[in-house]
Amino acid sequence: MDVAIENSWKERLAAEFDKPYFIQVTDFLKQELRVGKVIYPPGKLIFNAFSCTPFHEVKVVIIGQDPYHNPGQAHGLSFSVQDGVAPPPSLVNIFKEIQSDLGLQLSGTGNLEKWAKQGVLLLNASLTVEANNPMSHSKAGWHLFTDEVIRQVSAGKEHVVFLLWGRFAQNKETLIDSSKHLILKSAHPSPLSAYNGFFGCGHFSKANAWLQQHGIRQIDWSL
């Protein structure tokens, strides 16, 4: 199967595209579209995280659960929204922590492409969702693909920082080799849990300290 994904990722993940689960995912999406359902993000942006952050450039991985399900929000990067869209509550809390941790004043945009193009892989476990129906594609099979993405980064890279926010993301820890990567865990930045350990976690400064320690260019978290 020919999948329109960035070349370095296509090479790493080539074996996945002909597996039954991946064919099942693509058939599922085609059927959903055939019956008139609206799917986010738009088709050309489903693999946007990979386009923005080629495999060899990955320095940090931020794992989200599900794309945003309201119009104009999702564009294939976890926690990020398109230009002109107000940042959702979890992203607002991420910005608050960056301001507290690093003293940065952020511009207010919710588009995180600047991070992605510096090596922050903004990976959702599910790469699609039905409009206005959160978690609707969580059992479509995407997690098998994105788990393999995490394994490939763990096996094929060194000194990557994995930011695991909330229980869902922390369940991915078993896919990561902690002997050569930094795993930082906290509560999810959602308003329901941010005060239980996300605020004050210092993950952004800790990530940069780790990268600097290993001779890797730090992330400019400003927007």
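Give the stretch 34-66 a look and list any residue that's open to solvent by 50 Å² or more (accessible area, probe 1.4 Å) and either closer than 25 Å to ALA14 by Cα or touching a residue at least 60 places away in the same chain (Cβ under 8 Å) (or both), or say none. Scanning the stretch 34-66 gives LYS37, VAL38, PRO42, GLY43, LYS44, SER51, HIS56, GLU57, GLN65. Scan the stretch 67-78 for residues that are buried (at least 22 other Cβ atoms within 10 Å of the Cβ) and in contact (Cβ under 8 Å) with a residue 40 or more places away in the chain and the total you get is 6. For the stretch 114-125, state whether one or more residues are basic (Lys, Arg) and free of Cβ contacts under 8 Å to residues at least 24 places away in the same chain. Looking through the stretch 114-125, none of the residues is basic (Lys, Arg) and free of Cβ contacts under 8 Å to residues at least 24 places away in the same chain. The C-beta contact set for the stretch 136-157 (first residue touching a residue at least 24 places away in the same chain (Cβ under 8 Å), second residue outside any loop (DSSP other than H, G, I, E, B) and of a type in the set (S, T, N, Q), distance under 6 angstrom, 6+ apart or interchain) comprises GLY141/GLN24.
One residue stands out among those in the stretch 82-121 that are among the hydroxyl-bearing types (Ser, Thr, Tyr) and within 27 Å of VAL149 (Cβ to Cβ): the one that is farthest from the chain's Cα centre (by Cα), which is THR109. Residues in the stretch 169-189 that are in contact with an Asp or Glu (Cβ under 9 Å, 6 or more places away or on another chain) and among the hydrophobic types (A, V, I, L, M, F, W, C): LEU175, ILE183. Scanning the stretch 86-121 for residues that are open to solvent by 40 Å² or more (accessible area, probe 1.4 Å), assigned to a loop (DSSP other than H, G, I, E, B) and of a type in the set (A, V, I, L, M, F, W, C) gives ALA86, LEU104.
Pick out, from the stretch 132-223, the helices (runs of 4 or more DSSP H) lying fully within it that include 2 or more residues that are of a type in the set (S, T, N, Q) and open to solvent by less than 30 Å² (accessible area, probe 1.4 Å).
Values: elements: 142-156, 166-170, 203-213.
Ranges flagged: 142-156.
The values are calculated or read from the model by the stated rules, or taken from the named source; none is laboratory data. Since we're looking at a predicted model, the values are computed, not measured. Note that each Cβ is placed from the backbone with ideal geometry, even for glycine, and that neighbours are counted across all protein chains shown. When the accessible area is computed, the model is the full protein with side chains, heavy atoms only, and any ligands, DNA or RNA have been set aside. Shrake-Rupley method; radii C 1.70, N 1.55, O 1.52, S 1.80 Å.
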